[in-house]
1. So if we plug the beta-carbon distance of Arg148 and Arg38 into 1/(1 + (r/R0)^6) with R0 = 45 Å, what FRET efficiency do we get, rounded to 0.05?
2. Between region 74-148 and region 150-202, what's the alpha-carbon centroid distance in Å?
3. What is the distance, in nm, between label points placed 7 Å from the Cα along the Cα-to-Cβ direction at Glu45 and at Arg357?
4. Report, in deg cm²/dmol and to the nearest 500, the calculated mean residue ellipticity at 222 nm for the chain, where each DSSP H run with n ≥ 4 adds -39500 (n - 2.57) and the sum is divided by the residue count.
5. Diagonalise the Cα gyration tensor of region 313-354 and give the resulting equivalent ellipsoid semi-axes, square root of 5 times each eigenvalue, largest first, whole Å.
6. Rank Ala215, Thr34, Gly234 by how far each Cα sits towards the positive end of the charge dipole of the chain (+1 on Lys, Arg Cβ; -1 on Asp, Glu Cβ) and give me just the farthest.
7. Could you check the spin-label model distance between Arg19 and Glu346? Points 7 Å from the Cα along Cα→Cβ, value in nm.
8. I need the fraction of alpha carbon pairs in region 229-320 separated by more than 20 Å, rounded to a whole percent.
Amino acid sequence: MNDFQKFAALDTVALVDGRVVIIDQTKLPGRLETLRLRTQPEIWEAIKSLRVRGAPAIGVTAAFGLALAARDLADAGARDFSSALAEAAAYLASSRPTAVNLSWALKRLLARAGEQAGEAPGRIAEALQAEALAVAEEDVRVCRAIGRHGLSLLRDGDGLLTHCNAGRLAAIRYGTATAPVYVGLEAGRRFKVFADETRPLLQGARLTAYELSAAGVDVTLICDNMAATVLKKGLVQAVFVGCDRVAANGDTANKIGTLPLAIAARRYGVPVYVCAPTSTIDPDTPDGGRIVIEERPGSEITDQWYAEPMAPAGCRTFNPAFDVTDQELVSAFVTEYGPVRPPFAEGFARLFAAKARGEAFA
Ligand code: MRU
């Protein structure tokens with residue numbers, strides 16, 4: 001079996017025999033390695049250093065991590081189980097600030113624990129494991145639905161441009177921005193994908209190009225500063241990106257470089273579709289100005305991935321990991337319930353109301 005075949009058989013994150021098993025994304029594309037994480041610091045470190053990354057994937061990892069913490073606390077006979085569990089959740093949530101899926105998944109597990117209050121800690125730990133597995137299973141279903149809705153916006157043979165990795169490596173199986181391509185592939189439809197390399201950590205080059213190649217998708221890698229040329233030349237008919245947190249008004253935090261891409265796409269009349277599970281839409285954040293943007297070490301710009309430093313020693317750097325795309329640059333959010341078009345605040349309110357009532361969203 002070659003690496004691409006092995007990769008096809010792996011989930012990005014899985015819970016196996018009381019371990020969180022992840023594909024170590026810092027090793028791709030050179031080596032396909034998995035890590036078996038057990039302790040809370042191991043899980044925290046894996047999220048912090050982007051061994052596992054992408055909003056849905058870190059949500060699932062944190063959910064599995066908290067389920068393991070609950071098991072440990074129960075086995076150790078912790079005196080105040082529920083405050084110790086809340087502390088463990090706060091610790092995992094502190095690993096990365098921007099993607100809402102992380103705190104969303106942890107809150108969901110804490111709520112489940114709250115429903116079980118009064119039960120023995122061992123029973124609560126079992127319930128949390130079941131809930132964490134449900135979060136992972138839902139991710140696959142949600143991403144597949146996003147894929148179906150995204151596909152309805154495309155014509156066969158279209159060119160798509162994507163940024164960073166919002167693919168299966170950022171989720172469990174389909175990804176969000178790549179889901180239309182994968183779901184399309186299952187139906188025999190073919191698209192041509194341009195992948196931005198995504199400075200400084202090269203998720204587009206290392207991860208998106210890897211996973212799309214592994215799936216046999218026609219993928220062309222470009223540097224970020226070539227995107228405007230690709231758009232101007234008419235090589236793509238749509239931009240598909242993921243998101244880390246969508247504010248109530250539609251302002252969208254995603255990997256740094258999404259904003260200039262959306263500006264260029266608007267200039268050249270190419271629609272920008274943000275693929276967004278409803279778990280990434282944060283009604284508690286009114287607009288993009290309130291989104292906390294993670295800043296990462298400057299060495300990621302100057303040294304990481306290079307044989308030699310790419311800047312003079314001591315050079316000042318600024319390394320925000322995400323930017324916020326203004327809502328007016330987004331053509332539609334592709335959610336698991338269907339596309340939401342402007343005005344987004346109203347659209348999201350209708351979407352969440354339909355979701356709460358278990359009704360279809362149109
Ligand atoms: O820093 P990363 O690699 O975790 O950033 C990932 C992104 O910005 C993705 O586009 C986003 O999380 C959506 S993943 C479906």
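1. Working: r = 37 Å, r/R0 = 0.82.
E(calc), rounded to 0.05, equals 0.75.
2. When both Cα centres are located, 29 Å separates them.
3. Distance between label points: 5.1 nm.
4. Details: 12 runs with 144 residues, N = 362.
Mean residue ellipticity at 222 nm (helix-derived): -12500 deg cm²/dmol.
5. Details: eigenvalues 240, 22, 15 Å².
Here the semi-axes work out to 35, 11, 9 Å.
6. Gly234
7. If labels sit at Arg19 and Glu346, their model points lie 5.3 nm apart.
8. Value for region 229-320 (Cα pairs over 20 Å): 53 percent.
No value in this document is a laboratory result; all are computed from the given coordinates. Here the structure is a predicted model, which is why all the values come from computation and not from measurement. Positions of Cβ are backbone-derived with ideal geometry, glycine not excepted, and every protein chain shown enters the neighbour counts.
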